[in-house]
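Any read-out appearing in this document is the output of simple, stated calculations on the displayed coordinates, not a laboratory observation. Just so it is clear, the model here is predicted, and its values are computed rather than measured. A quick note on method: Cβ atoms are made from the backbone with ideal geometry, for glycine too, and the neighbour counts reach across all protein chains shown.
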Amino acid sequence: MKKSLLVFAAALACANASVQADTLKKIKDSAAVTMGVRDSSGALSYTLGGSRYAGYHVEICQKVLADVQKQLGLSKLDINYLSVTSQNRIPLVQNGTVDIECGSTTNNAARQKDVAFAVTTFVEEVRIAVKTSSGINSINELNGKSVATTTGTTSVQLLRRHERANGVDFKEVFGKDHADSFLLLETGRADAFVMDGAILAGNIARSKSPADFKIVGEVLSTEPIAIMLRKDDPAFKKTVDDSIKALMKSGEISKLWTKWFEQPIPPSNTRVGMTPNENTKFAWANPNDKPAEDYAKK
Amino acid sequence: MSAWDWQVFCKDTIDQAIVASCFGSGNDQSYLDWLLSAWGWTLKVSALALVLALMVGICVGVIRTLPHRTLALAGDAWTELFRNIPVLVQVFLWYFVVPELLPAMKRLPSYFLVVCALGFYTSARISEQVRAGIQSIPKGQLYAGLAMGLTLAQTYRYVLLPVALRMVIPPLTSEAMSIVKNSAVAFAVSIAELVMFARQASEETSRDIEIYLAVTMLYFVSSLGVFALARLIEIKVKVPGFLGAKQ
């Protein structure tokens, strides 16, 4: 709370100040770059404790920044990690605090007005997690049940839209972060947890007894997740895009996927156990930065 | 950052289209409707918590001044217990931990548990002020009351409390104003109040500044309302020639 207010104040203060749009020059001049990371965004980006961060997107960004360093001919490039939240990530990228955000940000049309996105590295599908013992298998069986989701995510809006369109009536409960929402499901305050599949899989893998939970039902929404950059900085975007496209072309990206989503990962050495879905494979084969709205049309 | 766009409050929460009247109709809801309902939740949680806090706080404050060791100790324990645990932690304890111990509490609505957490936390602070108020009255008044043949309860009711409670109205006003602001912790356990509205609506509309300004304004208005009300009570109940009232 305190943090998001601070950021809000910072955003106000910087609202009219000119922000350095040439990120490459900024990195070259300071020999340092700030990477925005998340504390618990499944296997995409998470903390190992202290100021150490890891995950699929974090490793992609580290590879991208190695390319940036090579391109700029820097002998040394300091990477500062800054933990961001759903609420402050966009203002922090806009005002220049964060140069490259490597978390779990959905690329959509509304956000493209404020920030830019690198080519999509992961396509997320919003799913439902339930307790195995509940016998729930689809969203239509959730009528009259309590459904948990996390405040400040697109899933809240999705759920509301679904409720209105299909005339189902959920009792919505909101966790303040994903761990809280999962706790709502675990303690029985909610019958289902609607969220991005990777986050659900990650939370289930880390829970006390993963066999008690399962992911069921139809895909409620498809969202491209991408690395976020400052808007109107084509040179930096091109460098980042080229670097990611090279990973996709060489097939290294699927090795990274296997490392983070299919094999045991630190700190607890559990597996998320999720193979890349068709949409993700398609995005690797045809690199693009289309917003979520384009996926909905298909 | 582009210019401010207050139209955001007229948008429908589903299709983001601007509604002409700014208020949704039927099942449709605009962000303005949502903002007002969020304000309602903030006020509802604050008001209920304040009632609970005043009732419990005054009782515990009185108990702590009684010439009865065990009771006074129990009162002290209450105050220290609830005063020394951060309010957000208390909200989580009531929401996640207590219902595990008492399964019957799982059926209670979550706002009830938040009211308990916020009310008991504030009651600890109020009890401290009430105790200070009572103890600031010269001991002689208690003895005089007892010497006149009043019972201890009558002495409190007719001699000590009428003065002590008037005296603590200003600090109680601050408590009442902070309860409105502290009610922001309720968002953590799924109450659709102002902070939760601010987080979710700014995520959906990307108009963080307009939304946070509106929410700030409503908190300010609510606190000011509480202050005005308390001031009115203070003036109404003042005793002429006493406690700073005009002679």
(message) Per residue of the range A:57-74, what does 6.51 cos²θ - 1.76 cosθ + 1.60 with θ = phi - 60° give for ³J(HN,Hα)? Whole Hz please, x for Gly and Pro, Karplus curve as stated.
(response) 6, 5, 5, 4, 5, 4, 5, 4, 5, 5, 5, 4, 4, 5, 4, 7, x, 8
(request) Just name one of A:Leu183, A:Ala235, A:Gly73: the one whose Cα is farthest towards the positive end of the charge dipole of chain A (beta-carbon charges, Lys/Arg +1, Asp/Glu -1). (result) A:Gly73
(message) Taking the alpha-carbon distance from A:Lys259 and a cut-off under 12 Å, which aspartates and glutamates remain once sequence neighbours fewer than 8 residues away in the same chain are dropped?
(response) A:Glu59
(request) Mind checking which of B:Gly26, B:Thr216, B:Leu54 is farthest towards the positive end of the range B:9-235's charge dipole, using Cβ charges of +1 (Lys, Arg) and -1 (Asp, Glu) about the Cα centre? (result) B:Leu54
(request) With a cut-off of at most 16 other beta carbons within 10 Å, and DSSP calling the residue loop, which chymotrypsin sites (Phe, Trp or Tyr not before Pro) in the range B:1-77 qualify? Please list them. (result) B:Trp4, B:Phe23
(request) Name every cysteine in chain B that ends up alone, with no second cysteine's Cβ under 4.7 Å, or say none. (result) B:Cys59, B:Cys116
(message) For a quick check: sort A:Met195, B:Met177, A:Met35 by the number of other beta carbons within 10 angstrom, fewest at the front.
(response) B:Met177, A:Met35, A:Met195
(request) Ignore the peptide's own chain and count Cβ atoms of other chains within 10 Å of each Cβ in B:189-196; give me the average, rounded. (result) 5
(request) Would you mind pulling out the separation of the Cα centroids of the range A:250-296 and the range B:175-201, in Å? (result) 37 Å
(request) Quick one: which residues, 5 or more positions from A:Ile100 or on another chain, have an amide H under 5 Å from its amide H? H modelled 1.01 Å from N in the peptide plane, none for Pro or chain starts. (result) A:Thr34, A:Gly36
(message) Using only DSSP helix segments of four residues or longer, with each worth -39500 (n - 2.57), what per-residue ellipticity at 222 nm results for chain A after dividing by its residue count and rounding to 500?
(response) -11500 deg cm²/dmol
(message) Using a Förster radius of 41 Å, what is the FRET efficiency between A:Thr275 and A:Ala165 based on their Cβ-Cβ separation? Nearest 0.05, please.
(response) 0.85
(message) Rounded to the nearest 20 debye, what is the charge dipole size of chain A about its Cα centre when +1 sits on each Lys and Arg Cβ and -1 on each Asp and Glu Cβ?
(response) 320 debye
(message) If the only charges are +1 at each Lys and Arg Cβ and -1 at each Asp and Glu Cβ, what is the size of the charge dipole of chain B around the Cα centre, to the nearest 20 debye?
(response) 1500 debye
(request) Could you check which residue among A:Asn140, A:Asn166, A:Asn107 shows the biggest mean-square fluctuation in a GNM of chain A with a 10 Å Cα cutoff? (result) A:Asn166
(request) Scan around A:Glu172 for amide H atoms under 5 Å from its own, H built in the peptide plane at 1.01 Å from N, and keep only partners 5 or more places away or cross-chain. (result) A:Val147
(message) Sorting check: for B:73-86, A:222-235, which peptide has the highest mean count of neighbouring beta carbons within 10 Å, and how do the rest follow?
(response) A:222-235, B:73-86
(message) I want the local charge near A:Ser207. Using Cβ-Cβ distances under 12 Å, sum +1 for each Lys or Arg and -1 for each Asp or Glu among the other residues.
(response) +2
(message) About the Cα centre, and with charges only on the beta carbon of Lys, Arg (+1) and Asp, Glu (-1), how big is the dipole of the protein assembly as shown? Nearest 20 debye, please.
(response) 1540 debye
(message) Below 8 Å between Cα atoms, with a sequence gap of 6+, how large is the relative contact order for the range B:9-235 in percent?
(response) 23 percent
(request) For peptide B:92-102, compute the average count of partner chain beta-carbon atoms within 10 Å of each residue's beta-carbon. (result) 2
(message) Among A:Ala21, A:Ala192, B:Phe187, whose Cα projects farthest towards the positive end of the dipole of the protein assembly as shown, with charges put on the beta-carbon of Lys, Arg (+1) and Asp, Glu (-1)?
(response) B:Phe187
(request) Enumerate the helices in chain B for which the Kyte-Doolittle hydropathy averages 1.6 or more and the C-alpha atoms extend at least 27 Å along the helix's axis, using complete DSSP H runs. (result) B:31-63
(request) Distance check, please: which entries in A:Lys176/A:Lys290; A:Lys70/A:Lys237; A:Lys25/A:Lys70; A:Lys113/A:Lys231; A:Lys231/A:Lys281 exceed 19 angstrom between their Cα atoms? (result) A:Lys176/A:Lys290; A:Lys231/A:Lys281
(message) If the reach is capped at under 15 angstrom between alpha carbons, list the aspartates and glutamates near A:Lys26, excluding any in the same chain fewer than eight residues apart.
(response) A:Asp78, A:Asp99, A:Asp232, A:Asp233
(request) Select from B:Leu146, B:Leu48, B:Leu165 the residue whose mean-square fluctuation is largest in a Gaussian network model of chain B (Cα-Cα springs shorter than 10 Å). (result) B:Leu146
(request) Please find, in a Gaussian network model of chain B (springs between Cα atoms separated by less than 10 Å), the residue of B:Ala117, B:Ala17, B:Ala188 whose mean-square fluctuation is greatest. (result) B:Ala17
(request) Taking the Cβ of each residue in A:His57, B:His68 as the centre, tally the other Cβ atoms inside 10 Å and list the residues starting with the fewest. (result) B:His68, A:His57
(request) Subtracting the Cα-Cα distance from 0.36 nm times the residue separation, let me have the gained length for B:Phe23 to B:Asp76 in nm, one decimal. (result) 14.1 nm
